[in-house]
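The values are calculated or read from the model by the stated rules, or taken from the named source; none is laboratory data. As the structure is a computational prediction, the values presented were derived from the model and not from experiment. Reconstructed Cβ throughout: ideal geometry from the backbone, glycine too, with neighbour counts over all protein chains shown. Quick note on the areas: whole protein, heavy atoms, side chains included, nothing else; ligands and nucleic acids left out. Shrake-Rupley method; radii C 1.70, N 1.55, O 1.52, S 1.80 Å.
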Amino acid sequence: MTEITIEHPFDGGAQIEESAQLEERFQPDWGLRATACELLALSFRYPGPQLPQIVASGEWLAAALEVGQLMALDLPEDFGQGLDTMDEVSDQELLHALRKEATRLFVGAPKPAISPYEGVWRAADDGVNALLFVNPHSMDVERFCKACGLGRPEGTNEPLDHVATELELLEYLASIQAGIGLPVASAPAEEKLPGGSIEGAFGQFMTDHVMTWMPRFAQAVADQATQPFYRAAGQLLKAFLDTFAV
């Protein structure tokens, strides 16, 4: 899966600072938004060796609960159920289980249970067959990324409208707005970004892309996942996106 490289990847051990409290009800905490998007992007990438370590240790759940508390997310009462027993299996066994479920949900044969691509969801809304890369929604995501100075990393050849990549874009914008990240060298002047500013670009991408499909994706994952981690990841994503619903 394509990743947009961010300068501050989630390491599974970073703690959310107490200063990230939402002090003003109507003033978004951009650092907290960046942290949430970072955690969620990690959750929906194809599992690497890092993921079972932070899931089994309880670090993922602790981070998710802290994000949920600080953002006042409406998480279900059973959130995280089943994750407290993950330390009973080896990292290798857990990695195998996570990859098996990720493959069933997001890769599939001949097709995934739940597509992780915006273009597939929106093609279904339009009543047409989705073609990766060449559908108008995927192409618009790629144009948006290029307008922000971001592109597909060298050596990769996958659409940029994957759920994790879209979350990485939001993380990138939120981290700059929060003052904890720097624009890439190829980034245009802020006033030339989509929406005319970092905040404007974030809001435009949320409206034009993320909110058109990702809440439904998140709910489908929460409903259809058989592995506790992916059920919790879907619930966390849905609760996060609900804070942007009008």
Worksheet item: Once you put a point 7 Å from the Cα of Glu158 and another 7 Å from the Cα of Thr103, both along the Cβ direction, what distance in nm separates them?
Response: 1.5
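Roughly how big is the chain's charge dipole about its Cα centre, with Cβ charges of +1 (Lys, Arg) and -1 (Asp, Glu), in debye to the nearest 20? Before the final figure, lay out each step's value.
Working: 15 positive and 37 negative charges, 183 e Å.
It works out to roughly 880 debye.
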Item to complete: Under a 10 Å cutoff between Cα atoms, tell me which one of His137, His209, His96 has the largest fluctuation in the Gaussian network model of the chain.
Response: His96
Worksheet item: Roughly to the nearest percent, how much of the accessible area of the chain is carbon and sulfur, given a 1.4 Å probe?
Response: 50
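Taking a 1.4 Å probe, which of Val163, Val184 shows the most accessible area, and what order do the others take after it?
Working: Val163 0, Val184 45 Å².
Sorted by accessible area, descending: Val184, Val163.
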Fill in: region 191-246-region 42-119 distance, computed between alpha-carbon centres (Å)
16
Worksheet item: Within straight cross-link reach of Lys192, meaning Cα distance under 26 Å, which lysines are found once same-chain residues fewer than 8 apart are removed?
Response: Lys146
Worksheet, complete the sentence: Applied in sequence order to region 200-205, the curve 6.51 cos²θ - 1.76 cosθ + 1.60 (Karplus, θ = phi - 60°) yields integer Hz couplings, x standing for Gly and Pro, of x, 5, 4, x, 5, 5
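Keeping every protein chain present and rolling a 1.4 Å probe, give me the accessible area per residue for the chain in Å².
Working: 12030 Å² over 246 residues.
Roughly 49 Å² per residue, with all protein chains present.
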Worksheet item: Among the lysines, which have Cα under 25 Å from the Cα of Lys238 when same-chain residues fewer than 8 positions away are ignored?
Response: Lys100, Lys111
